Amino acid sequence: AQTVTQSQPEMSVQEAETVTLSCTYDTSENNYYLFWYKQPPSRQMILVIRQEAYKQQNATENRFSVNFQKAAKSFSLKISDSQLGDTAMYFCAFSHNAGNMLTFGGGTRLMVKP
Amino acid sequence: ETGVTQSPTHLIKTRGQQVTLRCSSQSGHNTVSWYQQALGQGPQFIFQYYREEENGRGNFPPRFSGLQFPNYSSELNVNALELDDSALYLCASSLVGQGGIEQYFGPGTRLTVT
């Protein structure tokens, strides 16, 4: 069974600075998908960024980028130029098939301070 | 916001009762997944429906059951409610088999069992 671990329950960052959230996972699969989801307080969970394991290039979406280390089974999220609206719970998730069951980590609560 | 909707928003039930939660998937999606998110934790996969058939199930007892309808909307039914069933129930839709990779989440139903 796959497991996803987020070792930072809470983090804070000053507005406009950069923060990195950590995620490790365990799987015996070679092909799979990794995701970072954002869940703002009392709001819907939305996808931030995704990475297909067969792609060596790290995914980037505007201020959000990942550092995908397949051999180390590590998938960290870097948020550049942090904004107050980035305050949320962030969940790392794993799927071994496109569109199928997601295994989530326990989440990291990120607070962006003005 | 995604195109996934859920009803009701909040629900209070008594231990031993039964509850039905509803989800309308994003237009064009053929798969619905249900997750249970206890307070302060990551979502846990309950089951997934693809073309009206159960297509995978997590570690939840049989009193958790579901349906998917021809229009791809879905219901989650929980019988004999227990106090530990208190949680946020999330549904997510995806397009399996046609290149869809990520899941799109609804706002959730907050269930409280007293």
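Data overview
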item: All strands (runs of 3 or more DSSP E) inside the range A:40-103 with 3 or more residues being closer than 20 Å to B:Gly42 by Cα; result: A:46-52, A:74-79, A:88-95
item: Count - residues of the range B:55-80 that are touching a Ser or Thr at 6+ places or on another chain (Cβ under 9 Å) and more than 9 Å from chain A (Cβ to nearest Cβ); result: 12
item: Subset of the range B:57-87 [open to solvent by 20 Å² or more (accessible area, probe 1.4 Å) and either touching a residue at least 60 places away in the same chain (Cβ under 8 Å) or assigned to a strand (DSSP E or B) (or both)]; result: B:Arg57, B:Ser65, B:Leu67, B:Glu75, B:Asn77, B:Asn79, B:Ala80, B:Glu82, B:Leu83
item: Where B:Gly3 falls short, out of the listed (1) within 14 Å of chain A (Cβ to nearest Cβ); (2) over 14 Å from the mean Cα position of the chain (by Cα); (3) of a type outside the set (Ser, Thr, Tyr); (4) farther than 20 Å from A:Phe35 by Cα; result: (4)
item: Tally of residues being in contact with a strand residue (DSSP E or B) (Cβ under 6 Å, 6 or more places away or on another chain), away from every other protein chain (no Cβ under 14 Å) and not β-branched (Val, Ile, Thr) across the range A:90-114; result: 3
item: Of residues in the range B:27-46 being part of a strand (DSSP E or B) and within 9 Å of chain A (Cβ to nearest Cβ), the one most open to solvent (accessible area, probe 1.4 Å); result: B:Gln44
item: Residue within the range A:34-44 that is more than 17 Å from A:Ala88 (Cβ to Cβ) and either in contact with a strand residue (DSSP E or B) (Cβ under 9 Å, 6 or more places away or on another chain) or among the acidic types (Asp, Glu) (or both) present; result: yes
item: Residue within the range A:77-89 that is touching a Pro at 6+ places or on another chain (Cβ under 9 Å), at the interface with chain B (Cβ under 10 Å from one of its Cβ atoms) and surrounded by 15 or more Cβ atoms within 10 Å (Cβ to Cβ) present; result: yes
item: Some residue of the range B:18-26 being open to solvent by 10 Å² or more (accessible area, probe 1.4 Å) and in contact with a Phe, Trp or Tyr (Cβ under 6 Å, 6 or more places away or on another chain); result: yes
item: Positions within the range B:11-42 being within 21 Å of A:Ala88 (Cα to Cα) and out of contact with any Gly (no Cβ under 9 Å at 6 or more places or on another chain), in sequence order; result: B:Ala38, B:Leu39
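The values are calculated or read from the model by the stated rules, or taken from the named source; none is laboratory data. For clarity, every value in this text was computed on a predicted model and none was experimentally measured. Cβ coordinates were reconstructed from backbone atoms using ideal geometry, including for glycine residues, and neighbour counts include every protein chain displayed. To get the accessible areas, we keep the full protein, side chains included, count just its heavy atoms, and leave off ligands, DNA and RNA. Shrake-Rupley method; radii C 1.70, N 1.55, O 1.52, S 1.80 Å.
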